Amino acid sequence: MIHSDTYIASIPKGLGLFAKRHFKRGEILWIADNIDVKIPLSD
């Protein structure tokens with residue numbers, strides 16, 4: 001699950017993940033769960 005203080009937006013090279021606020025060093029931004037789509041690196 002993605003952190004609620006982040007957002008995804010289109011950029012010239014594709015998609016980017018951006019912060020809505022400053023995060024503290026070590027703060028967790030993403031926790032993978034069963035809802036996330038997992039795409040192999042080979043794809």
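Values in this text are rule-based calculations from the coordinates and carry no lab data. Keep in mind it's a predicted model, so treat the numbers as computed, not measured. Neighbour counts are summed over all protein chains in view; Cβ atoms, including those assigned to glycine, are modelled from backbone coordinates with ideal geometry.
Miscellaneous remarks
- Percent RCO, i.e. relative contact order, over the chain, from Cα pairs under 8 Å lying at least 6 residues apart: 41 percent
- Cα convex hull of the chain - mean projected area over all directions, nm²: 4.3 nm²
- Near THR6, the amide H atoms lying under 5 Å from its own belong to LYS20; only residues 5 or more places off or on other chains count, and H is placed 1.01 Å from N.
- Peptides ranked, highest mean first, by Cβ atoms within 10 Å: ranges 19-27, 3-11, 35-43: 3-11, 19-27, 35-43
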